[in-house]
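As structure tokens, the structure follows; a few thoughts come after it.
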């Protein structure tokens, strides 16, 4: 596979089913949020799942490794990221199970057709365009800020793409929770599960995981908080299970920064 890597790229071990992912350390690499979302989501036997803004394809590949769905797709607007994702699919011999499509989230329903998926996942940009420090790398800035799509774009298109009673899973930041839950309802996706993610037991949450059900009745379960790190800095047992490894020294997902810096 080394001959298929472009300059600056590397292969990272996903520590599940022998799968590896092509990444570029100088570009935006996946973080713990993608791993947590893959564990929070559920794709059942025979179902079709779509990841919006898939980047280098981490979500479709992890979901295929963990669940028994029939088909997994990833939609990505950045050509370079989509190319890496496609080459990772080929490297892991997932053709026919995982497909990467280059396109705009704002046109997702037109690309795939209405009511075409049982499951939608999304790890969208957390910051509105004018918030936060602007990264020098365009890829990183687009991944972190609402430049090419907004939260509303993600929710609107997800509602169109989901079959009746289809499930929507997203990871985001707590400071936007009120907006997230309100707009999910506005687009007919009833929030059904919510879980807050804390880096340490004595720290405020810095991520949230939410599940919505298209066309469902009101009623949401708030699950126990997920604590990522012990006070010693090692991962909690639950975090290790989500990574799919039983050895603490193996579970740091390879990326551009450490997980503790990401969360």
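Which residue out of 261, 249 is assigned to a helix (DSSP H, G or I), modelled with pLDDT under 50 and either more than 20 Å from the chain's Cα centre (by Cα) or under 30 Å from residue 160 (Cβ atoms) (or both)?
On the way: 261 fails: either more than 20 Å from the chain's Cα centre (by Cα) or under 30 Å from residue 160 (Cβ atoms) (or both).
Testing whether each residue is assigned to a helix (DSSP H, G or I), modelled with pLDDT under 50 and either more than 20 Å from the chain's Cα centre (by Cα) or under 30 Å from residue 160 (Cβ atoms) (or both) leaves just 249.
For region 199-219, which residues satisfy the criterion of being assigned to a strand (DSSP E or B) and farther than 16 Å from residue 37 by Cβ? Spell out how you get there, then give the answer.
Step one: of region 199-219, the residues assigned to a strand (DSSP E or B) are 207-214.
Scanning region 199-219 gives 213, 214.
Which number in (1) within 17 Å of the chain's Cα centre (by Cα); (2) at pLDDT 95 or above; (3) not in a strand (DSSP E or B) marks the one condition that residue 168 misses?
(3)
From 132, 96, which residue is under 24 Å from residue 17 (Cα atoms) and at pLDDT below 95?
Numbers: 132 fails: under 24 Å from residue 17 (Cα atoms).
Going through 132, 96 in turn, the sole match is 96.
For residues that are assigned to a strand (DSSP E or B) and touching a residue at least 40 places away in the same chain (Cβ under 8 Å), scanning just region 89-121, find the one that is surrounded by the most Cβ atoms within 10 Å (Cβ to Cβ).
At the first step, the residues of region 89-121 found to be assigned to a strand (DSSP E or B) are 98-102, 117-121.
Filter once more, so that each one left must be touching a residue at least 40 places away in the same chain (Cβ under 8 Å): 98, 100, 117-121.
Details: 98: 26, 100: 25, 117: 24, 118: 21, 119: 24, 120: 27, 121: 29.
Restricting to residues being assigned to a strand (DSSP E or B) and touching a residue at least 40 places away in the same chain (Cβ under 8 Å), the top hit is 121.
State all residues of region 64-88 that are surrounded by fewer than 24 Cβ atoms within 10 Å (Cβ to Cβ) and either outside any helix (DSSP H, G or I) or touching a helix residue (DSSP H, G or I) at 6+ places or on another chain (Cβ under 8 Å) (or both); if no residue qualifies, say none.
Those that are surrounded by fewer than 24 Cβ atoms within 10 Å (Cβ to Cβ) and either outside any helix (DSSP H, G or I) or touching a helix residue (DSSP H, G or I) at 6+ places or on another chain (Cβ under 8 Å) (or both): 66, 67, 68, 69, 70, 71, 73, 77, 78, 80, 87.
With the checklist (1) modelled with pLDDT of 95 or more; (2) more than 21 Å from residue 66 (Cα to Cα); (3) surrounded by 18 or more Cβ atoms within 10 Å (Cβ to Cβ) in hand, flag the one item residue 209 doesn't pass.
Just one mismatch for residue 209, condition (2).
Just to be sure before I move on: is residue 150 farther than 20 Å from residue 35 by Cα, out of contact with any strand residue (DSSP E or B) (no Cβ under 6 Å at 6 or more places or on another chain) and at pLDDT below 95 in the structure I sent?
Taking the combined requirement at face value, the residue satisfies it.
If a residue has to be surrounded by 15 or more Cβ atoms within 10 Å (Cβ to Cβ) and outside any loop (DSSP other than H, G, I, E, B) to count, how many in region 1-46 make the cut?
Matching residues across region 1-46 total 15.
The values are calculated or read from the model by the stated rules, or taken from the named source; none is laboratory data. Quick caveat: nothing in here was measured; it's all calculated off a predicted structure. With ideal geometry, Cβ positions are generated from the backbone for all residues, glycine too; neighbour counts draw on all protein chains shown.
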